[in-house]
1. Being assigned to a loop (DSSP other than H, G, I, E, B) and open to solvent by 10 Å² or more (accessible area, probe 1.4 Å) is the filter here; which residues of region 254-284 pass it?
2. Could you tell me which of the residues Glu176, Glu143, Glu164 is touching a strand residue (DSSP E or B) at 6+ places or on another chain (Cβ under 7 Å) and under 30 Å from Phe370 (Cβ atoms)?
3. Is it the case that region 251-270 has a residue that's within 16 Å of Ser125 (Cβ to Cβ), modelled with pLDDT of 95 or more and not aliphatic (A, V, I, L, M)?
4. Any chance region 377-397 includes a residue that's open to solvent by 20 Å² or more (accessible area, probe 1.4 Å), at pLDDT 90 or above and either of a type in the set (Lys, Arg) or within 24 Å of Leu242 (Cβ to Cβ) (or both)?
5. Could you check, for region 201-218, whether at least one of its residues is modelled with pLDDT under 90, within 16 Å of the ligand (Cβ to nearest atom), in the same structural domain as Leu268 (by TED's automatic domain parsing) and under 23 Å from Leu132 (Cα atoms)?
6. Filter region 62-74 down to residues that are touching a residue at least 40 places away in the same chain (Cβ under 8 Å) and in a loop (DSSP other than H, G, I, E, B), then give me how many there are.
7. What's the number of the only condition in (1) within 20 Å of the chain's Cα centre (by Cα); (2) surrounded by fewer than 24 Cβ atoms within 10 Å (Cβ to Cβ); (3) in a loop (DSSP other than H, G, I, E, B) that Ala189 fails to meet?
8. Filter region 171-185 for residues that are without any contact (Cβ under 8 Å) to a residue 60 or more places away in the chain and either touching a Lys or Arg at 6+ places or on another chain (Cβ under 9 Å) or buried (at least 20 other Cβ atoms within 10 Å of the Cβ) (or both) and give the result.
Amino acid sequence: MAAIAVLGYGTVGSGVVEVIGENSELIAGRGCSLEVKYILDLRDFPGDKYESLVTHDAEVIFADPEIKVICETMGGTGAAYAFTKRALEAGISVCTSNKELVEKHGAELSAIAAGHSCSYLFEASVGGGIPLIRTIRTGLVAENIKSIYGILNGTTNYILYRMEEQGLDFAAALKEAQEMGYAEKDPTADIEGHDPCRKIAILASLVCGKKVDYSDIPMEGLSDVSLMDLAYARSLGGTIKLIAMCDFEGGKPRAIVSPRVILADNPLKSVNDVFNAALIDSDMLGLSMYYGKGAGKLATASAVVADAVECASTIGKTVKCGWTEEKAEPGDPGELKGQFLVRIKRSALKEAESRFGAAGKICFEKGEAFEKYPVLKGVLAEDAFDDEMALVTPEMSGNEFTDKAAGLEGIIKSIRL
Ligand code: HSE
């Protein structure tokens, strides 16, 4: 029996206690029984089933020699960092869902764990309940990973899905996501792309074995995606998703987070609602895809508990994640090649075609868009497409596209394919 403490009794923390309570026999049958001995929180929880386990005093936990594993579900980089460091220095393993802390201090905390014969595990920090980090760490350990490409944020995926399915505009879809509890009151981290950016930085760091800084990753959020953009994507047989990707050409990570037109032949097109999915391309296996709930109480808690089981089964040892504090030398994400959907004033079309060389042209005549995309009827004005059209460029690098687009005033917007 391993006694554990849960730091933070919010959504994920209460989920951790619930998962252990619900599946305790099953977990024990798989070789390691867990018992929640303490729950640290500033608040009281009168009437809660686990009320008697709540303490406001972290010292009680650190003074108890039975505690060998801590689940940190507080969030943030203040107290969570201090408690995690202190626990690891005392040889107590820590499991977390705290992606902000992992992205910022993951390499340092992993090194501290290694120096004190314990582990720092963070499966739940990326992809919620999907065992993505464990897959990179173990299942793909013999693979040279060439790229990771995925939907790593449930909130924005839900917003885009509702825009696509219901013709809600961005603001209405965001409001709905907040009402459903999928988006925070301050949704900036999700909609501006910070959250998926942190997640791809963590995955890229694990692949490189070196630190990939999220602040080095170019990022475009979702707040600028409109129903018009979705209509153009739909006319190509696609939709728009917020994609976090990184390739490792020449051993240098080139990462970018941005909305992209996802065409019908891409399996990510059918990843809807709050689901996440990642496509990993590796040299021996080829493409593999990981799909599941990327957010939510029990899904995320399940991943924290899986880490707690691994820590409790390896007491006195360090589960290695191969991530050092050395900074990875980043490649230039502007060199990444792809096509671009360019919305353009009709008057500037010829100039745009001669600069980019059009691989395809999309021209909605009056009413045509609404036939192709009935959900837009009544949402966009009949003449919405009168003065503009879109072209799809041939494949080119982001740098090349920026050069060619410079000074072309008729460009309304461009979106990567
Ligand atoms: N807001 C995050 C998401 C929560 O929607 O993916 C899980 O990291």
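1. Leu263, Ala264, Asp265, Asn266, Asn272, Asp273, Val274, Asp283, Met284
2. Going through Glu176, Glu143, Glu164 in turn, the sole match is Glu164.
3. no
4. Step one: of region 377-397, the residues open to solvent by 20 Å² or more (accessible area, probe 1.4 Å) are 377-384, 386-387, 394-395.
Of the ones still in play, those that are also at pLDDT 90 or above are 394-395.
Restricting the remaining residues to those that are either of a type in the set (Lys, Arg) or within 24 Å of Leu242 (Cβ to Cβ) (or both) gives 395.
Among the residues of region 377-397, at least one is open to solvent by 20 Å² or more (accessible area, probe 1.4 Å), at pLDDT 90 or above and either of a type in the set (Lys, Arg) or within 24 Å of Leu242 (Cβ to Cβ) (or both), which makes the answer yes.
5. no
6. 4
7. The failed condition is (3).
8. Across region 171-185, the qualifying residues are Ala172, Ala173, Leu174, Glu176, Ala177, Gln178, Ala183.
The values are calculated or read from the model by the stated rules, or taken from the named source; none is laboratory data. These numbers were taken from a predicted model, which means no experiment stands behind them. Virtual Cβ from ideal backbone geometry, glycine too; neighbours counted across all protein chains shown. To get the accessible areas, we keep the full protein, side chains included, count just its heavy atoms, and leave off ligands, DNA and RNA. Shrake-Rupley method; radii C 1.70, N 1.55, O 1.52, S 1.80 Å.
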